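Below: the structure, in structure tokens.
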2 protein chains.
Amino acid sequence: MSKQIQRPATPAKKPKARSRVPSEATLNRRKRLMETKRSAIMEAALDVFSRYGLHGTSLDQVASQADVSKTNLLYYFASKEDLYINVLRQLMDVWLSPLKSFSVEQDPAEAIGDYVRVKLELSRDHPAESRLFCLEVIQGAPLLLGELQGSLRDIVESKVSVINAWIEAGKLAPVEPHHLIFSLWAMTQHYADFRTQVEAVSGRTLEDPAFFAETLTNLKALVLQGVCPRS
Amino acid sequence: MSKQIQRPATPAKKPKARSRVPSEATLNRRKRLMETKRSAIMEAALDVFSRYGLHGTSLDQVASQADVSKTNLLYYFASKEDLYINVLRQLMDVWLSPLKSFSVEQDPAEAIGDYVRVKLELSRDHPAESRLFCLEVIQGAPLLLGELQGSLRDIVESKVSVINAWIEAGKLAPVEPHHLIFSLWAMTQHYADFRTQVEAVSGRTLEDPAFFAETLTNLKALVLQGVCPRS
DNA sequence: GTCTATAATATGATAGAC
DNA sequence: GTCTATCATATTATAGAC
């Protein structure tokens, strides 16, 4: 019954050792390849999730866009939700950082102008992140609510103080800081989330450098000067 | 084989007539009831679709929220997509109207201020419409693209002319009208679509009359005056 | 017009060979 | 690690009684 007896009694020492005990270099290479694949899957997932949402997206869609099989995808991520959560978590890093930069020492007009530029660049270069964040918040942010009420709120409050300090110093018109921040977010993210509408109406997108420049100039002018002519 | 011969030869004239031939009043009542039910289903559908999207929503969800059975729902609407399309179509009527109002004769500051107010009222009173429109556009507006490129674009172009006329008359600072319109949309719709975030960060919503008033004042000030102090 | 099955399908997830 | 079945389930939609 057993076929072990057929095997030569002398154990092969040298030739087989390589395949049984991979070198450290091989292990590292494998690890790198796995990381690359994980990233590819997450990138594809971000793109599809950001259009159709968690439920509107099938694993087959993500898998085919990432050029892996569905089963293989499920080797890298325990479940669809697990994949979604990983994508969201990575997204938040990109999302929370730009606001951190502005501080009391800066010139308010310059700080706000820079912020508009950075956020508009995000809309141009990371539209999927913008859309996915939007989708998640529209649903009531089931997975991000904690972070919105925690980290985000904290950052916003600290910037509210900065803006209030500017106002008290007479460097800024008395606008309630929360609304200013909401408006900056809204105006800039609009060009990513409503890209289809912007393109349908104006025929242009942020990928067109001239349109990007024009948009940036106009948003800055709007926020800083408003539409009423200065005397 | 035929049972007709079993029937009494004398046809019942008066007593049975009522149940066989419903009066016109009865028919109207039925029609009204059906219309009411259709509306209830569409209202429920709008609410659920606007959170979870077409694919994220199940007919069971809609049916239970509308207090009808799923089978009954499918008596009123041929399919889930049919229901979705009906909801979208009705939505667009609400959505396209406010922009139509402003014209060259008006004072620009007043016209723009009024528009902000009306749009903010929409965000407060019809948040589901705002969310569903957002979801649809994020996906690339598969069902609305025609309308965006057609009716919407036409209306926008006519308003672009109005704004340009104001600028030429020196009544408005030289802002590119498309960007002004996009910004007005973005700033006002933000309070509906990102309500969760607004509430998480500020602890308030448009349903609070004080917050609504504060928001309106600040958005108007922002668009009309900007944040740089006037000398 | 409303109900109770039930068909038909899509899709998330697992088992087990290699 | 990656593949080929395959299971399990959710959900759209229909058939047919009442």
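Descriptive notes on the structure:
- Top-ranked residue of the range B:67-98 - restricted to ones that are in a helix (DSSP H, G or I) and of a type in the set (D, E, K, R), ranked as nearest to DNA strand C (Cβ to nearest atom): B:Lys70
- Just one of the numbered conditions (1) crowded, with 20+ Cβ neighbours inside 10 Å; (2) farther than 23 Å from A:Ala213 by Cβ; (3) among the aromatic types (Phe, Trp, Tyr); (4) away from DNA strand D (no atom under 16 Å from the Cβ) is not true of A:Trp95: (1).
- Single residue of the range A:192-205 satisfying the filter (outside any helix (DSSP H, G or I) and over 20 Å from B:His190 (Cα atoms)) that is farthest from the other protein chains (Cβ to nearest Cβ): A:Thr205
- Among the residues listed as B:Val104, B:Val156, B:Val137, the single one being away from chain A (no Cβ under 12 Å), touching a helix residue (DSSP H, G or I) at 6+ places or on another chain (Cβ under 8 Å) and not charged (D, E, K, R): B:Val104
- A:Ala213 vs. criteria surrounded by fewer than 20 Cβ atoms within 10 Å (Cβ to Cβ) and part of a helix (DSSP H, G or I): yes
- Residue, farthest from the other protein chains (Cβ to nearest Cβ), within the range A:70-84, restricted to residues that are within 12 Å of DNA strand D (Cβ to nearest atom) and out of contact with any Lys or Arg (no Cβ under 6 Å at 6 or more places or on another chain): A:Tyr75
A quick yes/no check of all residues on (1) in contact (Cβ under 8 Å) with a residue 40 or more places away in the chain; (2) out of contact with any helix residue (DSSP H, G or I) (no Cβ under 8 Å at 6 or more places or on another chain); (3) more than 9 Å from DNA strand D (Cβ to nearest atom); (4) more than 23 Å from B:Ser123 (Cα to Cα):
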| site | (1), (2), (3), (4) |
| --- | --- |
| B:Val21 | no, yes, yes, yes |
| B:Arg38 | no, no, yes, yes |
| B:Phe49 | yes, no, yes, no |
| B:His55 | no, no, no, yes |
| B:Val62 | no, no, no, no |
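- Count - residues of the range B:141-175 that are surrounded by 14 or more Cβ atoms within 10 Å (Cβ to Cβ), assigned to a loop (DSSP other than H, G, I, E, B) and not β-branched (Val, Ile, Thr): 6
Bear in mind these aren't lab numbers, they're just calculated from the coordinates by the rules spelled out. The model shown is predicted, which means the values in this text are computed figures rather than measured ones. Cβ: placed from backbone, ideal geometry, glycine included. Neighbour counts: every protein chain shown.
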